[in-house]
1. Residues in region 49-63: is at least one farther than 22 Å from residue 113 by Cβ and in contact with a strand residue (DSSP E or B) (Cβ under 6 Å, 6 or more places away or on another chain)?
2. I'd like the full set of residues that are at pLDDT below 95, assigned to a loop (DSSP other than H, G, I, E, B) and open to solvent by 70 Å² or more (accessible area, probe 1.4 Å), limited to region 32-73.
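The values are calculated or read from the model by the stated rules, or taken from the named source; none is laboratory data. Quick caveat, the model's predicted, so the values are computed rather than measured. All Cβ positions, even for glycine, are placed from backbone atoms using ideal geometry, and neighbour counts span all protein chains on display. Surface accessibility is based on the protein's heavy atoms, side chains included, excluding ligands, DNA and RNA. Shrake-Rupley method; radii C 1.70, N 1.55, O 1.52, S 1.80 Å.
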Amino acid sequence: MSDHAAPSPAAHDLTHIAARDKAEILAQALPYIRKFHGKTIVIKYGGNAMTDPALQQDFAEDVVLLKLVGMNPVVVHGGGPQIEDALAKLGKKGTFVQGMRVTDAETMEVVEWVLAGCAAGHRRPDQRGRRQGRGPDRP
């Protein structure tokens, strides 16, 4: 069971938006819907947006809308805050140059571990030899 209550119907009530404004929004969106219909759209779901339940809900609804209008959304994990947390737990600090992460071999292992979903309760990379399945220590 989720800790978060479902959004109230009023949260998505669009009756306060004038018909003229709705038409304008659709008119602006239509060229993009046509251009990207049938195309695969890659969306980075950033770590910070993953921590706010309201943003999670909005993101999920937007992805569903893209699918409903004929696009093929593919969501990829950004994971910045989760990677930083995992590095901190290992006593390591992330390094950035001009906003881009610099990854040595040890940091790359942590990045792969986090992005593969191991941060959700699986063994940490420093517990090598006790891991099961695929990973840096197991082909």
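1. The answer is yes, given that some residue of region 49-63 is farther than 22 Å from residue 113 by Cβ and in contact with a strand residue (DSSP E or B) (Cβ under 6 Å, 6 or more places away or on another chain).
2. Of everything in region 32-73, nothing turns out to be at pLDDT below 95, assigned to a loop (DSSP other than H, G, I, E, B) and open to solvent by 70 Å² or more (accessible area, probe 1.4 Å).
Yes/no matrix, rows are residues, columns are (1) under 25 Å from residue 60 (Cα atoms); (2) in a helix (DSSP H, G or I); (3) at pLDDT below 85; (4) not small (Gly, Ala, Ser):
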| position | (1), (2), (3), (4) |
| --- | --- |
| 82 | yes, yes, yes, yes |
| 85 | yes, yes, no, yes |
| 93 | no, no, no, yes |
| 101 | no, no, yes, yes |
| 109 | no, yes, no, yes |
| 112 | yes, yes, no, yes |
